[in-house]
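Have a look at the structure below before the remarks.
Laboratory data are not the source of any read-out in this text; all were calculated from the coordinates shown. None of these values were measured; they are calculated from a predicted model. Counting neighbours? That spans all protein chains shown, and the Cβs are built from the backbone with ideal geometry, glycine included.
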Amino acid sequence: MEIISSILLILLITIFVLLFLILLVPFTITIDSLHSIYELKFAKLAKANIKFTSEKILVFIHLLFLKKEMSFPWTSLIPAKNQSKKKRTVNQLSSDSKKKKNRDTKEIISKVQKVIKSFEIKKCWVNLDTENYTTNAVLFPAFYFLKAKNLRMNINYMGENQITFIVRNRLGKILFALFT
């Protein structure tokens, strides 16, 4: 009986340590259109890459020693147009349900804002050309004065559109933002 209780205690401590590590280990989201890198990295434990081809989307997953490749055709991501949805009229909704729906929407927006604020921007580089000289000329001074530590925004007149965006967060920070 004593052996079983010690094994259960060790198992419980191991699970607690793993959950603690999952909540504290940072993950990084990288979007780089110049080098076609779209990746989600969970420390050095797990990594997922997405590659876009003309026919399908390829997803590469590396989880410790496990490597998996999946592909999804573009047609499976586009919903069918024939599906009809019933639309409810305004008269069908009571005023109480409208107030509740409005309150729920405000709470959801507040939670989403808290989660977005929990992310740390490591790098944000935008190189933009609107292909309209007037719009580029208006945006040029605004982008010139928009400078921060990890933010760089450029307007070019050469037809190049590129973005590099790297953010970092922890699952614990997201859960804290959701439940406070």
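Here are the numbers for this structure:
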| item | result |
| --- | --- |
| Answer label, with Rg/Rh (Cα atoms, Kirkwood Rh) calculated from the coordinates and candidates (i) 1.09; (ii) 0.96; (iii) 0.94 | (i) |
| Estimated 222 nm signal from helices in the chain, with DSSP H stretches of n ≥ 4 weighted -39500 (n - 2.57), rounded to 500 | -12500 deg cm²/dmol |
| Chain lengthening between residue 33 and residue 145 when straightened (0.36 nm per residue, less Cα-Cα) | 37.9 nm |
| Neighbour cut-off at most 12 other Cβ (10 Å), DSSP loop, trypsin sites (Lys or Arg not before Pro), the range 5-62 | 44 |
| Relative contact order (%) - the range 111-154, alpha-carbon pairs under 8 angstrom, separation at least six | 47 percent |
| Pairs from 67/173; 117/149; 56/117; 44/147; 117/147; 56/123 whose Cα-Cα separation, in the structure shown, is over 22 Å | 67/173; 56/117; 44/147; 56/123 |
| Residues 135, 105, sorted so that the one with the fewest Cβ neighbours within 10 Å comes first | 105, 135 |
| Label-point gap, in nm, between residue 116 and residue 59 - each point 7 angstrom along Cα→Cβ | 2.5 nm |
| Among 31, 13, 61, residue whose mean-square fluctuation peaks in a GNM of the chain (springs only between Cα atoms under 10 Å) | 13 |
| All aspartates and glutamates inside 16 Å of residue 122 as judged from Cα atoms, apart from same-chain residues fewer than 8 positions distant | 32, 39 |
| Magnitude of the charge dipole, the chain, Cβ model with Lys/Arg +1 and Asp/Glu -1, debye to 20 | 800 debye |
